[in-house]
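Quick notes on the structure that follows.
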Amino acid sequence: MTLAFARQIDGSRRMALLEVDRLDAFYGDFQALFGVSLAVEEGQIVSVIGANGAGKSTLLQSIAGLIKSSARMIVFDGVPIGAMRPPPLVLRGIASIPEGRRLFSSLSVKENLQVGGQIGRRGPWTLESVFELFPRLRERRDQRSTSLSGGEQQMVAIGRALMTNPRLLLCDELSLGLAPIIVREIFALLPKIVALGVAVVIVEQDIVQALAASKQVYCLQEGRVTLSGSPAQLTREAVKAAYFGV
Amino acid sequence: MEWLNIVLQGVLLGGLYALFAAGLSLIFGVMRLVNIAHGDLIVVFAYMAYFVMAALHIGPFTSLIVIVPAAAVIGYGLQRGLLNWTLGDELPPLLVTIGLSVIIQNLLLEAFTFDTRRLHAGDIEVMSVQPLPDLSLGVLPLIQFATAVVIIAGLQIFFYCSALGRAFRATSDDLVVAQLMGLETRHIFAMAMALSLAVVAIAGVFIAIRTDFNPFYGPQLLIFGFEAIIIGGLGSLWGTLAGGILLGVAQALGGQINVGWPFLAGHVVFLMVLIVRPQGLFPKVA
């Protein structure tokens, strides 16, 4: 009996927005994830931490549809999505902020945002509301995305994902290559985004930020979940042991 | 004045080359696909025009009303049914389009024999204007050149001012992230091929009014297209127009010096540009 199904008949608990149930993921013949389970409730911030090569990005790529798994291993809003490709998943409300931002380099800031809005999902996020969240982007709307600072580029990447009006936002290494003050600024915005009805999964190496921002944390090591729980209940020692395996 | 005349003939011919090249460049830009069958598809559309004209008793320009939409549908189908499955690596699409080229040539030979054909446009073929006493320009080449400029300008506007054009550019920048933003890239590729072949169909009808064609005429057109793109600089449509014009002028001047030299002169100019300025005249700034 699957975890999702068990919860359905349990009835005491509402089904989570995203249920990852004993996920195995592969790069060709190489197995990167071994039976990873994780749940994200509506409007919740969940972080996934772990060392390099622990399988964090693989997990996000599996959820986003870039890596195929068997359908029932990933259930989104009650629908098995493990075998779906990215575009239909975006239509269902899963948005991604890829690692390293990866803006469309020949497009202006505004055009980058518009690509996110192109699928036409309805919701609170429009060019206008993204510019309200990041006023600096309004000034730079007609500039090439490559001419922006790292922090501003990250804002465009966040805005571009929000423009799809997601129910679930996957953030891969938001802090990568950014100054600590910018990282704090960006993390401070997460509650605003969540307040508008978006659940967030953060994959981070910056553990302090990740733990501070999230309700629930999962620690991955060599493709397995070694620890999970509410950050408040976890001791530093437990996190350290789960992270490094010492 | 004689030389000016020749240069202008070359310029007008160059517009046509730019039109071949625009379709080729569009496909390479959006999906990094080098379509070796491009020239053969031009010839296919010329044959289609030939038979549509005969069946409906219409002229070549009117036949475009049928040929252009048909070309777009064929392009969409070709991309979704075949070429999308080959993308991902550089070699497979190249091999598949080489195969497609051979198949098209032999099917055309089987169906229509090696006889050369030509599309007849009527009186307009011999009409000319004389802006200066010694200068005579054919009406047909002028129409072809103007059409090429309008189409290239239209493509430019389409790329920078429409949602689909934006999706083309986004997909060209980063295929994976385009998918993560919900763009159905298989559909976008097919739309790009549809647009490319629609442009190619116009070019095909024009070239077939101008010169005789046969089932094996395609590869030569493909080379002209490639040369125009490389001379102009990859990724720039106006550069492609400039490249086409330079190629046309080189061929016209070469032909004037010696009847046997037009293509040779074109290739020599192409090689010189490759040596002196391998990035082309107007490369796309990344």
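Buried (at least 24 other Cβ atoms within 10 Å of the Cβ) and either out of contact with any helix residue (DSSP H, G or I) (no Cβ under 8 Å at 6 or more places or on another chain) or at pLDDT 95 or above (or both): is that true of A:Ala195 in this structure?
So A:Ala195 does not fit the description; no.
Can B:Thr86 be described as within 14 Å of another protein chain (Cβ to nearest Cβ), under 30 Å from A:Asn112 (Cβ atoms) and open to solvent by less than 50 Å² (accessible area, probe 1.4 Å)?
For B:Thr86, the condition - within 14 Å of another protein chain (Cβ to nearest Cβ), under 30 Å from A:Asn112 (Cβ atoms) and open to solvent by less than 50 Å² (accessible area, probe 1.4 Å) - is not met.
Looking at the stretch B:154-161, can you tell me whether even one residue there is away from every other protein chain (no Cβ under 14 Å), surrounded by 13 or more Cβ atoms within 10 Å (Cβ to Cβ) and over 30 Å from A:Gln114 (Cα atoms)?
Taking every residue of the stretch B:154-161 in turn, none turns out to be away from every other protein chain (no Cβ under 14 Å), surrounded by 13 or more Cβ atoms within 10 Å (Cβ to Cβ) and over 30 Å from A:Gln114 (Cα atoms).
Return yes or no: is B:Thr147 open to solvent by less than 10 Å² (accessible area, probe 1.4 Å) and either within 15 Å of the chain's Cα centre (by Cα) or within 14 Å of chain A (Cβ to nearest Cβ) (or both)?
Taking the combined requirement at face value, the residue does not satisfy it.
Tell me which residues, restricted to the stretch A:47-75, are within 14 Å of chain B (Cβ to nearest Cβ) and either open to solvent by 20 Å² or more (accessible area, probe 1.4 Å) or in contact with a helix residue (DSSP H, G or I) (Cβ under 7 Å, 6 or more places away or on another chain) (or both).
A:Ser57, A:Gln61, A:Ala64, A:Gly65, A:Leu66, A:Ile67, A:Lys68
Report yes if A:Ala188 is touching a strand residue (DSSP E or B) at 6+ places or on another chain (Cβ under 6 Å), in a helix (DSSP H, G or I) and not basic (Lys, Arg), otherwise no.
Spelling it out, it is not the case that A:Ala188 is touching a strand residue (DSSP E or B) at 6+ places or on another chain (Cβ under 6 Å), in a helix (DSSP H, G or I) and not basic (Lys, Arg).
Could you grab the pairs with beta carbons closer than 8 Å, sequence gap of 6+ or different chains, first residue in the stretch B:251-278 and within 15 Å of B:Ala228 (Cα to Cα), second one of a type in the set (Ser, Thr, Tyr) and open to solvent by 60 Å² or more (accessible area, probe 1.4 Å)?
Here the result reads none, with nothing in the stretch B:251-278 linked to a residue that is of a type in the set (Ser, Thr, Tyr) and open to solvent by 60 Å² or more (accessible area, probe 1.4 Å).
Give just the number: which of (1) under 23 Å from A:Leu190 (Cα atoms); (2) assigned to a loop (DSSP other than H, G, I, E, B); (3) touching a helix residue (DSSP H, G or I) at 6+ places or on another chain (Cβ under 8 Å) does A:Glu42 not satisfy?
(3)
Can you name every residue in the stretch A:132-176 that is out of contact with any Gly (no Cβ under 8 Å at 6 or more places or on another chain) and hydrophobic (A, V, I, L, M, F, W, C)?
Listed by number, the residues that qualify are A:Leu148, A:Met155, A:Val156, A:Ala157, A:Ile158, A:Leu169, A:Leu170, A:Cys171, A:Leu174.
Does the stretch A:198-222 hold any residues that are polar (S, T, N, Q), under 24 Å from A:Phe30 (Cβ atoms) and not in a loop (DSSP other than H, G, I, E, B), and which are they?
A:Gln221 - this is the single residue of the stretch A:198-222 that is polar (S, T, N, Q), under 24 Å from A:Phe30 (Cβ atoms) and not in a loop (DSSP other than H, G, I, E, B).
Does B:Ser63 fit the bill of being of a type in the set (Gly, Ala, Ser), closer than 14 Å to B:Leu41 by Cα and either assigned to a helix (DSSP H, G or I) or open to solvent by less than 60 Å² (accessible area, probe 1.4 Å) (or both)?
no
Quick one: how many residues across the stretch B:221-241 are open to solvent by 30 Å² or more (accessible area, probe 1.4 Å) and over 13 Å from the mean Cα position of the chain (by Cα)?
Number of matching residues: 4.
Only one of these conditions is not met by A:Asn165: (1) under 30 Å from B:Ser236 (Cα atoms); (2) more than 10 Å from every other protein chain (Cβ to nearest Cβ). Which number is it?
(1)
Take B:Ala203 and tell me if it is open to solvent by less than 50 Å² (accessible area, probe 1.4 Å) and either farther than 25 Å from B:Ala242 by Cβ or touching a residue at least 24 places away in the same chain (Cβ under 8 Å) (or both).
Answer is yes for this residue.
Taking the stretch A:76-120, which residues are at the interface with another protein chain (Cβ under 7 Å from one of its Cβ atoms), over 18 Å from the mean Cα position of the chain (by Cα) and either open to solvent by less than 10 Å² (accessible area, probe 1.4 Å) or within 17 Å of A:Leu59 (Cβ to Cβ) (or both)?
Selection gives A:Phe104, A:Leu107, A:Val115.
Can you say whether B:Ile209 is open to solvent by 20 Å² or more (accessible area, probe 1.4 Å) and of a type in the set (Val, Ile, Thr), as far as the supplied structure shows?
When the stated conditions are applied, B:Ile209 does not pass them.
Residue under question is A:Ser129, and the condition is that it be facing chain B (nearest Cβ under 10 Å), over 17 Å from the mean Cα position of the chain (by Cα) and at negative phi; does it hold?
no
Which members of the stretch A:223-246 meet the condition of being part of a strand (DSSP E or B) and open to solvent by 30 Å² or more (accessible area, probe 1.4 Å)?
A:Arg224, A:Val225, A:Thr226, A:Leu227, A:Ser228 - these are the residues of the stretch A:223-246 that are part of a strand (DSSP E or B) and open to solvent by 30 Å² or more (accessible area, probe 1.4 Å).
Yes or no: the stretch A:208-222 includes at least one residue that is open to solvent by 70 Å² or more (accessible area, probe 1.4 Å), closer than 18 Å to A:Ala54 by Cα and of a type in the set (Phe, Trp, Tyr).
No, that holds for no residue.
The values are calculated or read from the model by the stated rules, or taken from the named source; none is laboratory data. As the structure is a computational prediction, the values presented were derived from the model and not from experiment. We place every Cβ from the backbone using ideal geometry, glycine too, and count neighbours over all the protein chains shown. Note: areas computed on protein heavy atoms with side chains; ligands, DNA, RNA excluded. Shrake-Rupley method; radii C 1.70, N 1.55, O 1.52, S 1.80 Å.
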